1. Cut-off 20 Å, label point 7 angstrom out along Cα-to-Cβ of Q93: give me the residues of region 36-57 whose amide nitrogen falls inside.
2. Could you work out how far apart the two model spin labels at Y103 and A17 are, taking each label as a point 7 Å from the Cα in the direction of the beta carbon, and quote it in nm?
3. I'd like to know which of V7, G46, A25 lies farthest towards the positive end of the charge dipole of region 1-91, counting +1 on Cβ of Lys and Arg and -1 on Cβ of Asp and Glu.
4. Return a whole-number percent for the relative contact order of the chain, with Cα pairs under 8 Å and 6 or more residues apart as the contact set.
5. Could you give me D for the chain, from Stokes-Einstein at 4 °C and 1.567 mPa s, where the hydrodynamic radius is the Kirkwood radius over C-alpha pairs? Units µm² s⁻¹, please.
6. Take the chain, mark every one of the GluC sites (Glu not before Pro) that falls in a DSSP loop and has at most 14 other Cβ within 10 Å, then report the longest stretch left between them, sites excluded.
7. When the solvent-accessible surface of protein heavy atoms is calculated with a 1.4 angstrom probe, in what order do F43, F107, F70 fall, highest first?
8. Which translational diffusion coefficient, to the nearest whole µm²/s, is obtained for region 1-71 from the Stokes-Einstein equation, given a Kirkwood hydrodynamic radius over C-alpha pairs, 25 °C and 0.890 mPa s?
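The values are calculated or read from the model by the stated rules, or taken from the named source; none is laboratory data. No experiment lies behind these values; they were computed from the predicted model shown. Cβ placement follows ideal geometry from the backbone for every residue including glycine, while neighbour counts extend to all protein chains displayed. Ligands, DNA and RNA are excluded from the accessible area calculation, which covers all protein heavy atoms including side chains. Shrake-Rupley method; radii C 1.70, N 1.55, O 1.52, S 1.80 Å.
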Amino acid sequence: ENNIVGVVGVAQDVTEAAKHDREVAAMANELRQLVDTANAPIFGIGVNGDCNEWNEKLAEITGYSRDFAFGKPLVPTFIMPHLQNSVHHVLDQALQGKETSNYEIEFFTASEEIRYLLVNATTRRDAEGN
């Protein structure tokens, strides 16, 4: 007969790991705030070319909110037609790890003006460095 006589608890002290996780989250929050409030326009795209970063300064310059920009293809939505092929090329190169500095891009604005932005196309990597 199987008589239950009690419970055995096996525990692990995760105090340090939890502390580390809180520190990493605080640092990520601080970096997010830095990007959001930087005095320079910052945008990001994923491998498909859709906007996944759009800070407050870029929203101010272009008149397009982050909510509007997120998920939209950067080049056909925001870049002047005569530059779209070359901008695609620069961004594709960055997605392959070949970065470009001081590249001029002409952005459409919500008020149908053109804003000239000098851009550094920098590769963004995941946590494993890929």
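1. 43-50
2. The modelled label-to-label distance comes out at 4.2 nm.
3. Value computed over the given set: G46.
4. In percent, rounded to a whole number, it is 15.
5. Values: Rh = 17.6 Å.
Translational D for this selection: 74 µm²/s.
6. It works out to 2-98.
7. Working: F43 45, F107 0, F70 85 Å².
Order by accessible area, largest first: F70, F43, F107.
8. So the translational diffusion coefficient is about 154 µm²/s.
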